[in-house]
Each structure stands twice: as C-alpha cells, then as structure tokens.
Amino acid sequence: MSEQLDLLLVNPGARAQLYGSLGSSLAGIEPPLWCALLAAFIREHGYSVKIIDAEAESLSPAGTAGKIAAANPLLAGIIVLGTNPSASSTPKMTAAGETLQALKTKAPHIKTIAGGLHPSALPEQTLREEPVDFIAQGEGFFTILRLLEAIKSGSPIDTARIPGLWYRLGDKIISSPMAAMVNPDELPMAAWDLLPMDKYRAHNWHCFEHIDQRQHYAAIYTSLGCPFNCSYCNIHALYNDTPGIRFRSPEKVVEEIDYLVKNYKVKNIKFIDELFAIREERVNRVCDLLIQRGYDLNIWAYARVDTVNVPMLAKMKQAGIKWVSYGFESASRKVRTGVDKKTDEETTKKAIEMTRAAGIYIMANFIFGLPDDDLDTMRETLDMAKEYNFEYVNFYMAMAYPGSQLYNDAVKQDIKLPETWLGYGQLSPEAIPVPTKHLSAAQVMRFRDSAFQEYFNNPKYLEMIRQKFGAKVVEHIKDMLKHKVQRKYA
C-alpha cells in the first residue's frame, strides 16, 4: 500500500469565467508559478507533493474537488495567485471557494489551507467566508512547511511555531505574526516536473513574430517584491505589506532557463518580476549569460520608464527580450500623482524612443478610472496611446483590489465594490471598477471597452502591425475584435 500524499497544491480554474470567449484561444495559459515554487520548497524538506492545475486542465470546481479527494492528501493547499498578481488573483476566489465547498462535501476529512495574494490581503474574511481550515498569510513557504510538520506528527497546532497561520478555534480567530520572507537564492528551482508543461501557451501579442508558435511557454521570477508603492497595486499584501525587492542570482536564473529549454523546449518566456529592468549591472549579467548560450528565445519583461537606459535596452534585446511592458497608467500628470506614480512626460517619451531604437516592442499598460480621472483625462490617455502607436496595449479599469490602498480607501468611504470576487475580473461580465471623483463605474467601463475597439481598429495601428508582423497578425487582431466583452453593469 502506497504512503499517503503529504501535500497537494491546487491552482483553481477560472479562465472561462474571467475571459469569456477570449479564454478559449486568445488569452495565455500561464503556469501557476507560485504553486511550483511552494511545491519545490516543501519537497526539498522531504515531503511528498503534487500539483493540480485546474486552470490548464479546464477542470470545474467539482472536478477539481474529485481529483483532490482521489489523491487524499494530508493537506490540500488552494493557492490564489495569478501570474498578473493584481488582476488575476482576487477574481480566482470564486473558483477557489467553489472548489473548497465541493471538497468539503466529497472529502470533509481532508485538511485545507488557502494561500496567495487574496487570502493574504483578507485572511480573517476569507476564513469566515470560505469552508477552509487554515489561511497562510504571506508567501506561505514556512507557514505550510510548519503546518505540515504538525499535522504529520500529530502535534497540536501551535501558532508560536507556525508563523503566518490563521485558523478558527470555536468562535475565535487565531493568528500568528507573518513569517520571515525567503531569500530567493535559497529556494530550489520551481517544480516544473509537477506541471502539465504541454498545456501552457504565451499571450497572443507576445508571439506576434510567430503567431502560430505560442508553445512552449514558461514564466519565471528573477526577483521577488517591488520597491515602489502605487496605491492601485496590492502586491505588497503577499510580501508582509513591505515594499522592497529581493534578487535571485543571475546564475540561478539562467540555470532555470537552461532547464526549461533543454527539458521542455521552451521558447517563449515571461519574466514575472514586478520590475525586471532595475539595477543595470544585474540585468546585464543575466543578459550576458543568455547571450553566451545563443538560445533563440522570445522573452518579455516589466520595466519602468525611469529605470531603463540605452546600453541596458541594447543588452536586453541581444539576450532575446523582445517585449518590454511599461505601466504608463495615465497621460495626465494629475491622475498619476494622485496614485503615487511619480513619472513625467519627458522621461516617458525618452524611454519609448530608447526602447524603439533598441528594436524592442512595447506592451503599454494603461488604467482608466483612477481617482482623479474624468472623461477628458481618459480621452487624453487614449490619445497618447494612439499617438505613440504601441505594438500592443492593455487597457485596464481601476479596480479596488483587496490589499491595495485603493481598496482601503473604498471601504472607508463606503464606495460600492463588486458583489462577487468575479466582479474584480477585468473582462468578467460581473466586473465593477471603482468610480472616480467624477465618473460612475459604468462610465469608466463603457469608456474602457470603447477605447479598446478604437485603438485596435485604428488604421494607423493595423498598418504598423502589417508592416512589422505581416497580414496574418492583422487578421488575428481583427478576429480578436469580434469577441465583444459582455458586461452586466455597463
């Protein structure tokens, strides 16, 4: 008789709910990297671990619960953390809650823990609302390890020995201070062998140079955390509410890329860091190691307009970083200042020019509906995007994600928030962005959806795409535009 599985980590599936018809072919399918990091860490300490990626396997919550019940682990961990942490974590809570409920019905004896960004931001609320035994607040590495030790040894749950743990004791909520954050260089490589690597695909825009070759795909960290503190972002809830950044050594980063290329033929890679292009010496070292290997990679990474320069961008391009994602957010200085985004127009213009001169494509991120936005400032932002004619844009709506200052302000001011966690999904039918000082949520949503159509239907844009990527990608974009976002509240 085989020994009982110690830990089963689950990435709850919500792709259809969050992306609608876009989810079937256009949206990327990204590996649950946090599950793979936790799995590798726990396995290194001698425990048996498996992963269920319900999103990649297109499993329903009931189907996921059935698989968990069949595996019968000592502890099942539902990890609520997407690879775009703010935009894809809280919306997964609906699927996470349904999975936990179905598991409680099928196999009530299995102990469960929820971890990730949303449970870290709202640990007590999650514990009260969901049929879950424990919450891991923060990164979860040491919390899950110590909890597993206690369960396996039959020891009582002692918060003095298990940092970052929340649980119920009768009518009381018991918690312990958050665990120390890990040194990324002391983490083992992500447990890629536990994931269905043949299921993952890059985002459509990431592969405009080869639109039919979106596999094989992986996302990796080269650092954890972010040194900035923008009020619309909730990433610090995962990192003990502390701005800061911890780096992996360039050698370990490239060792992992070596593994992915050689074992899974990965070509398309996302550097998932909140900010990769910082500390030029380190960026150059990562790039030099990649250049030495001569891989034909298609990488994208995040940067800020005030952290890049000409030599850095040239080196990134040479290493296979073909796309850089900038968070421009708004063309209005007043709107940016209101959310602590301290960048200026001249720095922005210079960064765009440097990036283009290096031959790197730009994925431009904008947010409509920030607190000081009105119809004129949102129009100014759309006009800026059209003027620069970026290779791709994301038009987000300002969402008061739990863990962000925007959420805290909305709660204090009694601003209407989404009634379901799916309502935090950018493309969800139930989406409700936060209203601005001047606009209703519905006005913001209507502007965003109209702006999307206006930008991608722009003849100037389509001609640029045709010249850079060919007629096939133009047709791909036109097909994308046929998938209209369904909204209940617009």
task = Return the total of residues in the stretch 235-274 being in a helix (DSSP H, G or I) and surrounded by 15 or more Cβ atoms within 10 Å (Cβ to Cβ).
result = 13
note = Exactly one of Asp171, Asp133, Asp158, Asp185 is modelled with pLDDT of 95 or more and among the charged types (D, E, K, R), and that residue is Asp133
request  = Kindly list, by first and then second residue, each pair from a residue in the stretch 278-292 that is farther than 24 Å from Val305 by Cβ to a residue that is surrounded by fewer than 22 Cβ atoms within 10 Å (Cβ to Cβ) and among the polar types (S, T, N, Q), limited to pairs with Cβ atoms under 8 Å and residues at least 6 apart or on different chains.
outcome  = Ile291/Gln318
key: Count of the stretch 35-56 residues which are surrounded by fewer than 16 Cβ atoms within 10 Å (Cβ to Cβ) and among the charged types (D, E, K, R)   = 1
remark   = Reported set for the stretch 90-147 where residues are touching a strand residue (DSSP E or B) at 6+ places or on another chain (Cβ under 7 Å), of a type in the set (D, E, K, R) and part of a loop (DSSP other than H, G, I, E, B) is Glu130, Asp133
request  = Of all residues in the stretch 438-454, count the ones that are out of contact with any helix residue (DSSP H, G or I) (no Cβ under 9 Å at 6 or more places or on another chain) and in contact (Cβ under 8 Å) with a residue 12 or more places away in the chain.
outcome  = 5
ask   = Tyr424: touching a residue at least 40 places away in the same chain (Cβ under 8 Å), under 25 Å from Glu387 (Cα atoms) and among the aromatic types (Phe, Trp, Tyr), yes or no?
value = no
ask   = Do any helices (runs of 4 or more DSSP H) lying entirely in the stretch 279-381 carry at least 3 residues that are buried (at least 20 other Cβ atoms within 10 Å of the Cβ), and which ones are they?
value = 280-293, 310-319
note = Cβ pairs under 9 Å, 6+ apart or interchain, first in the stretch 455-473 and more than 22 Å from Phe366 (Cβ to Cβ), second exposed (fewer than 14 other Cβ atoms within 10 Å of the Cβ) and of a type outside the set (Val, Ile, Thr), ordered by first then second residue, are Lys472/Asp212
request  = Answer with yes or no whether Tyr461 is hydroxyl-bearing (Ser, Thr, Tyr) and either closer than 20 Å to Ile235 by Cα or under 26 Å from the mean Cα position of the chain (by Cα) (or both).
outcome  = no
ask   = Quick one: Ile220 ticks every box in (1) crowded, with 22+ Cβ neighbours inside 10 Å; (2) out of contact with any helix residue (DSSP H, G or I) (no Cβ under 8 Å at 6 or more places or on another chain) bar one, so which box is it?
value = (2)
remark   = If we keep only residues of the stretch 260-300 that are in contact with a Phe, Trp or Tyr (Cβ under 8 Å, 6 or more places away or on another chain) and aromatic (Phe, Trp, Tyr), then the residue nearest to His203 (Cα to Cα) is Trp300
note = Per the list (1) touching a Pro at 6+ places or on another chain (Cβ under 6 Å); (2) at pLDDT below 95; (3) surrounded by fewer than 22 Cβ atoms within 10 Å (Cβ to Cβ), residue check on Glu98 breaks on (2)
Residues of the stretch 148-191 classified as outside any loop (DSSP other than H, G, I, E, B) and either over 23 Å from the mean Cα position of the chain (by Cα) or within 24 Å of His118 (Cα to Cα) (or both), total = 16
task = Check off (1) within 17 Å of Phe41 (Cβ to Cβ); (2) surrounded by 17 or more Cβ atoms within 10 Å (Cβ to Cβ); (3) of a type outside the set (Val, Ile, Thr) for Pro123 and give me the number that stays unchecked.
result = (1)
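The values are calculated or read from the model by the stated rules, or taken from the named source; none is laboratory data. All values reported here derive from a predicted model rather than from experimental measurement. So basically every Cβ, Gly included, is an ideal-geometry build from the backbone, and we count neighbours across all protein chains shown.
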